[in-house]
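Structure, as structure tokens:
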Amino acid sequence: MIKNMDNLAQSGLIDPNLVRAARAVPHQVGLVKLSKTQLRVLQSIRCGEEVTAGDIAERCELSSAWASSLLRRLTEKGYLSRITGKQDTGGIEFQYLKR
């Protein structure tokens, strides 16, 4: 048991309030927990910067479709805002804003 406590100390203790909240509503934890790729995408965007899926695909070496999915999920989780824009070709292109 002491060995487990050492592992916690190395990675940092988790706030007891956060642990209680996660136990109370475990199905909601996914709304705040980020995958490594989501975190990488979020870190590639500066505060106040507007980006498109194409921008993120290039920066993070992802396909445009995968970048679009990641940006949509980050928006659903409340990390980004989404703005609808029009392309010159008549299509819709979403822009994402990090606050």
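Among the residues of region 51-99, write down those that are touching a Gly at 6+ places or on another chain (Cβ under 9 Å), more than 20 Å from Leu34 (Cβ to Cβ) and of a type in the set (D, E, K, R). Selection gives Glu93 alone. Residues in region 56-67: is at least one open to solvent by less than 40 Å² (accessible area, probe 1.4 Å), modelled with pLDDT under 95 and not in a strand (DSSP E or B)? So far as region 56-67 goes, no, none of its residues is open to solvent by less than 40 Å² (accessible area, probe 1.4 Å), modelled with pLDDT under 95 and not in a strand (DSSP E or B). For Leu39, the criteria (1) at pLDDT below 95; (2) not in a helix (DSSP H, G or I) hold in every case but one, which is (2).
Sub-6 Å Cβ pairs linking a first residue in region 75-87 that is among the charged types (D, E, K, R) to a second residue that is at pLDDT 90 or above, at least 6 apart or interchain, are Arg82/Thr75; Arg82/Phe94; Arg82/Tyr96, ordered by first then second residue.
Residues that are over 12 Å from the mean Cα position of the chain (by Cα) and acidic (Asp, Glu): does region 56-75 have at least one? For region 56-75, residues over 12 Å from the mean Cα position of the chain (by Cα) and acidic (Asp, Glu): present.
For region 70-99, a residue qualifies if it is part of a helix (DSSP H, G or I) and either at positive phi or surrounded by 13 or more Cβ atoms within 10 Å (Cβ to Cβ) (or both), and the qualifying residues are Leu70, Leu71, Arg72, Arg73, Leu74, Thr75.
The values are calculated or read from the model by the stated rules, or taken from the named source; none is laboratory data. Remember, it's a predicted structure, so these values are computed and weren't measured experimentally. Here the Cβ is made from the backbone with ideal geometry for all residues, glycine too, and neighbour counts use every protein chain on show. Heavy atoms of the whole protein, side chains included, go into the accessibility calculation; ligands, DNA and RNA do not. Shrake-Rupley method; radii C 1.70, N 1.55, O 1.52, S 1.80 Å.
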